[in-house]
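Everything on this sheet refers to the single structure shown next.
The values are calculated or read from the model by the stated rules, or taken from the named source; none is laboratory data. As the structure is a prediction and not an experimental result, all values here were calculated from the model. Don't worry about glycine lacking a Cβ; one is built from the backbone with ideal geometry, like all the others, and counts go over all protein chains shown. The area values use the complete protein model at the heavy-atom level, side chains included, leaving out ligands, DNA and RNA. Shrake-Rupley method; radii C 1.70, N 1.55, O 1.52, S 1.80 Å.
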Amino acid sequence: ELLFRKLKLSYESDKAAYYRASAASQLGKQREASAALERARVAFMAEKNFGFCGAVYLLKSQITRDARLRREHLRKAIDFFAKAQLPLWQAVCDLYASFDASLTDLALERLSHNTAAQEVPHLFAGWNTRAGDLAATRGDRDRAVRLWEQAADRLDQVRAQLPPFGLRTRYGLSLESP
């Protein structure tokens, strides 16, 4: 980040600040993560880079401990991803929001209308698993089982398209050899 700033490459410096915040949050350095996120947020807002603004707010929602602020950051992230026309990331945010008790129904409703959630296998599986969990807690066992089976079937379809595990490792080993 500092090197890009010295070279006067502001966009690269802003992205480096975001990645620095991501790394700091993984290492448990919340103060450094918050400071880097704020630098990235200010820069991306000035450039009107809505995709990265959404990414900043998504990371903020993952770092924040306060439930109210987490919901607010998730809402802002979803709004920015909608402005940037990134339905995949909207679906990711909705999947995170589905684990918040006050946002569960709204998030699952938005996921049902999101084409990315219906096409991307891991998002589809996550959405149906979460919807199945919710149906099970509400006592609708048949619907829960049906949703869980749909999620498992989608993942099995993806797994069926992959080569056998033994071939995958041999292929990787042949690429590593000179």
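Taking the range 41-65 only, how many residues are within 18 Å of the chain's Cα centre (by Cα) and among the hydrophobic types (A, V, I, L, M, F, W, C)? Reasoning before the result, please.
If we filter the range 41-65 for residues that are within 18 Å of the chain's Cα centre (by Cα), which is where we start, we get 41, 49-65.
Subsequent filtering for residues that are among the hydrophobic types (A, V, I, L, M, F, W, C) retains 50, 52-53, 55-56, 58-59, 63.
Qualifying residue count, the range 41-65: 8.
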- [ ] Out of Ala40, Ala55, report the one residue that is open to solvent by less than 70 Å² (accessible area, probe 1.4 Å) and either within 17 Å of Ala97 (Cβ to Cβ) or modelled with pLDDT of 95 or more (or both).
- [x] Ala55
Task: Per-region count, the range 1-33, residues under 15 Å from Leu58 (Cα atoms) and hydroxyl-bearing (Ser, Thr, Tyr) - done: 4
Open item on the list: I'm told Arg31 meets every condition in (1) open to solvent by less than 70 Å² (accessible area, probe 1.4 Å); (2) part of a helix (DSSP H, G or I) except one. Can you identify the failing condition by its number?
Closed with: (1)
Open item on the list: Tell me the residue from Ala136, Ala151, Ala160 that is part of a helix (DSSP H, G or I), open to solvent by 20 Å² or more (accessible area, probe 1.4 Å), farther than 30 Å from Asp66 by Cα and small (Gly, Ala, Ser), please.
Closed with: Ala160
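Is there a residue being under 30 Å from Arg5 (Cα atoms) and open to solvent by 20 Å² or more (accessible area, probe 1.4 Å) anywhere in the range 86-96? So that I can check it myself, show each step before the final result.
Taking the range 86-96 first, the residues under 30 Å from Arg5 (Cα atoms) are 86, 89.
Those still in the list that are open to solvent by 20 Å² or more (accessible area, probe 1.4 Å) too: 86, 89.
Within the range 86-96 (the criterion being under 30 Å from Arg5 (Cα atoms) and open to solvent by 20 Å² or more (accessible area, probe 1.4 Å)), the answer is yes, since at least one residue qualifies.
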- [ ] Find all pairs meeting these conditions: Cβ atoms under 9 angstrom apart; at least six residues apart or on different chains; first residue within the range 106-124 and open to solvent by 30 Å² or more (accessible area, probe 1.4 Å); second residue assigned to a helix (DSSP H, G or I) and aromatic (Phe, Trp, Tyr).
- [x] Ser112/Trp127; Gln118/Phe124; Gln118/Trp127
